[in-house]
Amino acid sequence: MVNAAEHAEHTDHIVSPKIYVAIFFALMIGTILTVVAAFYNLGPWNIVVALGIATMKATLVVLFFMHAKYSPGRTKVVIIAAIFWLAIMLVLTLTDYETRGGQEVQLRSPAVPTLFHV
Amino acid sequence: MPREHYLNATYGIRSWLLTTDHKRIALLYLASVTFFFFVGGIFAAMIRIHLLTPNGLLVSPETYNKLFTMHGVAMIFFFLIPSIPAVIGNFLIPIMIGAKDLAFPKINLLSWYIYLAGGCFVLYSFSTGGLDTGWTFYTPLSSVYSNSAVTPAVIGIFINGFSSILTGLNFIVTIHTMRAPGMTWFRLPLFVWAHYAVSLVMILGTPVIAITLLLAGLERVFHLGFFNPALGGDPILFQHLFWFYSHPAVYIMILPAMGVISEIIPTFARKEIVGYGFIAGSSIAIAVIGFLVWAHHMFVTGESTYAALAFSFLSYLVAVPSAVKVFNWSATLYKGSISFDTPMLYALGFIGLFLIGGLTGLFLACLGLDIHIHDTYFVVAHFHYIMVGGAVMGYLGALHFWWPKITGRLYPEFLARIAALVLFIGFNLTFFPQFILGYLGMPRRYHNYPPEFQVLNVMSTAGASILAVGYLLPMVYLVWSMRYGKVAGPNPWPATGLEWTTDSPPLTENFRVTPEVTWEPYDFRNRPELGLQVGASLAPAHGDD
Amino acid sequence: MHRTGELYGQFETLEQQKDSAALGMWIFLVTEVLFFGGMFMTYTVNRHEFFTAFGVGGNTLDIKLGTTNTIVLIMSSLTMAMAVWSAQTGRKKLVTTFLILTLGLGGVFLGIKGIEYKQKFDHHLIPGHNFDISYRVNHPEPGEDPQLLAAEREELAKAWAADPNLNSHAQLYVSLYFAMTGLHALHMVVGAGLLLWLLSQAVKQRFTPSYNTPVEIVGLYWHFVDIVWIYLFPLLYLIDRHR
């Protein structure tokens, strides 16, 4: 069968409950950490810490609970594609919002002020 | 005609409405998209009649707004987006890869019912007050101020999105896991590559318009403020979210048609396609780059100049893979043995009209020029050249090319060629004047215009009436041929491809024995099982009617 | 197309069927990423624009309930993964046990969510219905700590000074809160339905080491819903707790 190679390993890698429990405790620690960190004023780093911890937790769930670590390469491509496309939407839209200020707009009609900042 | 095939295998309305056979589902879609094509077409006719005089001949300004909105919604969401994938793709993809059906046949049927449900909501909206926001649903008009039936329409399009998503999901899984032995990725027909690319766009883009319309609907019903400036919301955010899908959506509409052309050209030039890898790769490139250009619809909204520069550059970039395809098709035609059967007429028409439509897209991608022609008839002409001159001609070409396979019958060739010619002439007469009108400054979505534009408008309406004849003719003779057409053999053209090794019409399970593929695609040399013989007559098997 | 045993007619082998089901679910989850993603986009733009209001809005959420819900949902992911393991190792009765636990934990999550929504209603924080960000501090419960209340009043006063349209912008935050957690809760309800369907088969001992694909793919869906919450929690509850 042409597809044998593509989906051979997917079948039966059984993850041990020990790993599941270990991951669970890691997720608990992450949760506590993120709540504690929220009560400290880290300025602009608060959001970085919060999203960073969330991403680490999400990665653990994807790799171990969802078996992505033991899945064929194709699954990993699918996951990366989803993240990448979400990033396209967020980043490219933000380039509009972030680069707006500081443009001078000059109108020609004498009835209105001729120079103002956008 | 074979004794048993998918059309006569079982009888009764339940065997059709509860079918899981991808070929029957394709025909269910054929009926429903044709219905919506009529709905959209009637609105188009009313628009063109109204615009015969500068002050508008037919309807009030408010009603005019509803006409162009409903024309757009019906055509884009309920005709163009499903057309080739749900009708031709559904029918052919399993057969082209040597499978018995798609990976998820029941989900395929569910897709059709979801499409119908969405359609019902939209038809309800059309008949209870209509829709006047433009198919683009810009806020806060759609979410706050419009007095038309926005909410049911938005629900309908939301629901319909899932039909698209499930179709794309089905195609991707099928193409990955259901290929017959020997059918490697690079032996796949380019039609399949095109639909793989389309499915990527459906999967990645459609959810975004779903959530956007959901948020706009919530805003309308519960008076929230996401996109309403009076409450601190941002209408430009709506546009970003809307176009993030709706630009790639235009690639959903054109990529399948390009896949069709890639099948027709080699067949009727009797020559292997030039640049198979380039055409396959360009489909994926269009799908990917197509997601990076959406804000070119927003150049005049006040978006950041730097962002506009980036999007303009990327919009020029996305034209490159399309051009690559046109070069490869042309190279395939060069020194080929051309026969001008109807599918070929549509394919040749596609290449010319898509070229014009695509190039004028570059005019619009140019920032300075766009200031002048944005929201004018130039834009209207540009996208109709691609959507009608391109996608619809691709769809009609596909219907004619695979009609013998779908029905087991040949359509009347002479009449079909006339119809194609009528359509081509009518199309150009309708839309070419609109380029001129737009450049001269006639705005789109206006119910009236300055008197000096009347001649061009009348030309456009005259063209539309001819175009209508070009559409009606196939509807008549294709239906006629189902009963009275000459019986086609398995491979009337003849063409390469697994589908031409099956009966016409095929068995329910497509193949008696799962094929083992050992040949490369578009190999027009010695293929006796397809009726292709080196030195044999290259004239098509069925001759002229 | 007919079915022979567990093999559906369009497939050649069980392997192909299993592979297709898994790939199908992963691709569906991709669509869900983009679906929720649109709301995350809306959130990002609005939070950037109205940070003060978002801070105030975030602090109207009960952090104890939110943290509890996060723990509950992660636990339910553990029990779901254990249900898959039980099926893979032939422990048929355990499959049922773990599915029931998962369902139960999901129910707890939804219950707590219901309590939170009711709180919003009590504090006049329903968008579009006399939304009033200052209602709670102006109408305190009897027995509330006067020092905390004073601190909250001060925080609110500062916020009003920084943003004269605080009420509108806080309403935006709460609208997003309801939209995002509401959509998430809807997905949990669907997940609960899927779990019930799995249970109906698990009690008949249908899931074995050679046939457990449905458990696995419902598991994928359930874990995804958990991941969405993993992001929602800090973004909605932990915006500006350190004032």
Revision key, fill the gap. For the range B:182-210, pairs from a residue that is more than 10 Å from chain C (Cβ to nearest Cβ) to a residue that is polar (S, T, N, Q) and surrounded by fewer than 24 Cβ atoms within 10 Å (Cβ to Cβ), with Cβ under 7 Å and 6 or more apart or across chains, are B:Gly182/B:Thr518
Study note, to complete from the structure: In the range C:201-223, anything small (Gly, Ala, Ser) and either outside any helix (DSSP H, G or I) or within 10 Å of another protein chain (Cβ to nearest Cβ) (or both) is listed as C:Ser210, C:Gly219
Point to revise | Test: B:Val534 is more than 32 Å from the chain's Cα centre (by Cα), farther than 19 Å from B:Thr407 by Cβ and modelled with pLDDT under 90 | key: yes
Practice item. Keeping to the range A:9-40, report how many residues are modelled with pLDDT under 90 and facing another protein chain (nearest Cβ under 8 Å). Key: 5
**Study point:** Among the residues listed as A:Ile79, A:Ile53, the single one being at the interface with chain C (Cβ under 8 Å from one of its Cβ atoms), of a type in the set (Val, Ile, Thr), in contact with a Pro (Cβ under 8 Å, 6 or more places away or on another chain) and part of a helix (DSSP H, G or I)
**Key:** A:Ile53
Exercise for review: Could you check B:Leu255 against (1) more than 14 Å from every other protein chain (Cβ to nearest Cβ); (2) under 25 Å from A:Ile88 (Cα atoms); (3) not in a helix (DSSP H, G or I) and say which number it fails?
Suggested key: (3)
Check your understanding: Give me the pairs: first residue in the range A:67-80 and more than 21 Å from B:Leu204 (Cβ to Cβ), second residue surrounded by 15 or more Cβ atoms within 10 Å (Cβ to Cβ) and acidic (Asp, Glu), beta-carbon distance under 8 Å, and six or more apart or on different chains, which are they?
Key -> A:His67/C:Glu216
Study note, to complete from the structure: With criteria (1) over 16 Å from the mean Cα position of the chain (by Cα); (2) facing chain A (nearest Cβ under 7 Å); (3) of a type in the set (Val, Ile, Thr), C:Thr67 comes up short on (1)
Practice item. Being buried (at least 24 other Cβ atoms within 10 Å of the Cβ) and among the polar types (S, T, N, Q) is the filter here, so list the residues in the range C:32-67 that pass it. Key: C:Thr42
Practice item. Could you list all residues from the range B:41-98 that are within 13 Å of the chain's Cα centre (by Cα), assigned to a helix (DSSP H, G or I) and not small (Gly, Ala, Ser)? Key: B:Met75, B:Ile76, B:Phe77, B:Phe78, B:Phe79, B:Leu80, B:Ile84, B:Pro85, B:Val87, B:Ile88
Check your understanding: If you scan the range B:132-150, which residues turn out to be of a type in the set (A, V, I, L, M) and over 17 Å from B:Gly161 (Cβ atoms)?
Key -> B:Leu141, B:Val144, B:Ala149
Point to revise | Residue in the range C:161-179 that is among the small types (Gly, Ala, Ser) and in a loop (DSSP other than H, G, I, E, B) present | key: no
**Study point:** Residues being buried (at least 24 other Cβ atoms within 10 Å of the Cβ) and more than 25 Å from B:Ile252 (Cα to Cα) - total across the range B:392-409
**Key:** 1
Practice item. Consider C:Trp222 carefully, then state whether it is farther than 25 Å from A:Val78 by Cα and of a type outside the set (Gly, Ala, Ser). Key: no
Practice item. Can you give me the number of residues within the range B:214-241 that are in a helix (DSSP H, G or I), under 20 Å from C:Gly182 (Cβ atoms) and within 10 Å of chain C (Cβ to nearest Cβ)? Key: 10
Exercise for review: Taking B:Ile81 as the residue in question, decide whether it is more than 30 Å from B:Pro229 (Cβ to Cβ) and in contact with a helix residue (DSSP H, G or I) (Cβ under 9 Å, 6 or more places away or on another chain).
Suggested key: yes
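Residue by residue, here is whether (1) of a type in the set (A, V, I, L, M, F, W, C); (2) surrounded by fewer than 15 Cβ atoms within 10 Å (Cβ to Cβ) holds:
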position	(1), (2)
C:Val84	yes, no
C:Thr96	no, no
C:Leu105	yes, no
C:Phe121	yes, yes
C:Phe131	yes, no
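A quick yes/no check of all residues on (1) within 14 Å of another protein chain (Cβ to nearest Cβ); (2) at pLDDT below 95; (3) surrounded by 19 or more Cβ atoms within 10 Å (Cβ to Cβ); (4) part of a helix (DSSP H, G or I):
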{"position": "B:Lys106", "(1), (2), (3), (4)": "yes, no, no, yes"}
{"position": "B:Leu109", "(1), (2), (3), (4)": "yes, no, yes, yes"}
{"position": "B:Ile114", "(1), (2), (3), (4)": "yes, no, yes, yes"}
{"position": "B:Ala117", "(1), (2), (3), (4)": "no, no, no, yes"}
{"position": "B:Cys120", "(1), (2), (3), (4)": "no, no, no, yes"}
{"position": "B:Phe126", "(1), (2), (3), (4)": "no, no, yes, yes"}
{"position": "B:Gly129", "(1), (2), (3), (4)": "no, yes, no, no"}
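The values are calculated or read from the model by the stated rules, or taken from the named source; none is laboratory data. Please read all numbers here as calculations on a predicted model, not as lab measurements. Here Cβ is always computed from backbone atoms with ideal geometry, including for glycine, and neighbour counts include all displayed protein chains.
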